[in-house]
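J.: I'd like to ask you about the structure that follows.
The values are calculated or read from the model by the stated rules, or taken from the named source; none is laboratory data. Since the structure is predicted, the reported quantities are computational estimates derived from the model, not experimental observations. No Cβ is skipped: glycine too gets one built from the backbone with ideal geometry, and neighbour counts run over all protein chains shown. Note: areas computed on protein heavy atoms with side chains; ligands, DNA, RNA excluded. Shrake-Rupley method; radii C 1.70, N 1.55, O 1.52, S 1.80 Å.
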Amino acid sequence: PPFEIMSASLDDNLNIWANYRKNRADWVPEEVKPSIKEKADTLYFAGCTASFVENDIGQSAVRLLHDAGIEFAYMGQDEACCGIPMLVAGKWEQFGRIVKHNLREAATRGAKKVITSCPACWLSWAHLYKEWAAKLGLAYEVEVQHYSEALAPAVASGKLKFKKTPIAVTWHDSCHIGRAGGIYEPPGLLLKAVPGVELREMEHNREHAHCCGSVLSLISEPEVAYGIGKVKLDEAQATGADEILSLCPCCQFQMRVSADRNGM
């Protein structure tokens, strides 16, 4: 049933969270709006969860891109869900329609590179769209990066600098971009570029990192998801860090809910 609800919302309003399409761009920070281009070589893809549930990840990503001097376009109301929930639910025809839609909208804006913040969106664009474009006879002419990869040159050159922030943090390696994508170093290098940040690794990290449990919340096993979330949060607390950080909006949401449900 949850996937049927998401599927209907996707057909009606291009997102899985039953929100109106007209509100998809409401998350964009006011100070960044003037710099977003109608057309550009680079396109930022926010995804549904960053657009409607956990706005801070999308907002932080575009502020960083802006401060790094990276010009980018954004689909706004024309952006559709990356489609990965429909693929895993076996709704392949619908997923194919999404691939066609998003590739067409990216091409309309002249995009040669797509930058994402959500790991599931990254996996869709970097791997699944490439495979499906070949199946569907579509042109696939984009490079795909996570924002932590795209920002690396600006960090290395000193163009992107951060305020000193004395804090101990631990890092959650999200499944879609970690085990499925093999991207571990760029987010860590971005964190280490912030003066004063002490990074404390959890016992299980990188390819051995525990899942946050969010997928189980979607498929009617929320209690199991809360238990998995507690395992992750217990491990984070054991590091003695002040905060646990995640680049995935779904992971972020699930860990907050798990902390609440477990009285942590």
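J.: Of all the residues that make up the range 61-77, how many are on the phi < 0 side of the Ramachandran plot, surrounded by fewer than 17 Cβ atoms within 10 Å (Cβ to Cβ) and touching a residue at least 40 places away in the same chain (Cβ under 8 Å)?
T.: Qualifying residue count for the region: 2.
So that you can scan it fast, the table gives a plain yes or no per residue for (1) at pLDDT 95 or above; (2) part of a helix (DSSP H, G or I):
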{"site": "30", "(1), (2)": "yes, no"}
{"site": "60", "(1), (2)": "no, yes"}
{"site": "65", "(1), (2)": "yes, yes"}
{"site": "94", "(1), (2)": "yes, yes"}
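J.: Got a sec? Which of 141, 149 is of a type outside the set (A, V, I, L, M), in a helix (DSSP H, G or I) and either open to solvent by 30 Å² or more (accessible area, probe 1.4 Å) or under 26 Å from residue 95 (Cβ atoms) (or both)?
T.: Answer to the selection: 149.
J.: Need the failing condition index for residue 23 against (1) under 25 Å from residue 152 (Cα atoms); (2) free of Cβ contacts under 8 Å to residues at least 60 places away in the same chain; (3) within 19 Å of the chain's Cα centre (by Cα), just the number.
T.: (1)
J.: So, one more: Residues that are part of a helix (DSSP H, G or I) and either surrounded by fewer than 17 Cβ atoms within 10 Å (Cβ to Cβ) or among the basic types (Lys, Arg) (or both): does the range 105-117 have at least one?
T.: yes
Yes/no per residue for (1) farther than 20 Å from residue 125 by Cβ; (2) within 17 Å of the chain's Cα centre (by Cα); (3) open to solvent by less than 50 Å² (accessible area, probe 1.4 Å); (4) of a type in the set (Gly, Ala, Ser):
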| residue | (1), (2), (3), (4) |
| --- | --- |
| 6 | no, no, yes, no |
| 11 | yes, no, no, no |
| 31 | yes, no, no, no |
| 55 | yes, yes, no, no |
| 81 | no, yes, yes, no |
